[in-house]
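S.K.: Following this message is one structure expressed as structure tokens.
Each reported figure results from applying straightforward, stated rules to the coordinates on display, with no laboratory input. Remember, it's a predicted structure, so these values are computed and weren't measured experimentally. Ideal geometry is used to build each Cβ from the backbone, glycine not excepted, and the neighbour counts take in all protein chains shown.
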């Protein structure tokens, strides 16, 4: 879902480990509705699972912000 998210070694944590911080930085209300399920390092792709189609739509709308937050490492 979130293309081009890199796995950053922020204090030894992966983007999957940091997902709660990433999503909260972008959209706190989405934190309870979206789960990070996989990170494909070779493709730079983060797999996300929304709990409803409406939250999937919201993810598509804020995808660029999610990628920026994941890549920044500042959460």
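S.K.: Sorting 61, 46 on the 10 Å Cβ count, fewest up front, what's the list?
M.R.: 61, 46
S.K.: Which whole-number percentage describes the relative contact order of the stretch 34-75, with Cα contacts under 8 Å and a sequence gap of 6 or more?
M.R.: 26 percent
S.K.: May I ask you to sort 34, 23 by Cβ crowding, counting other Cβ atoms within 10 Å and putting the fewest first?
M.R.: Starting with the residue having the fewest Cβ neighbours, the order is 34, 23.
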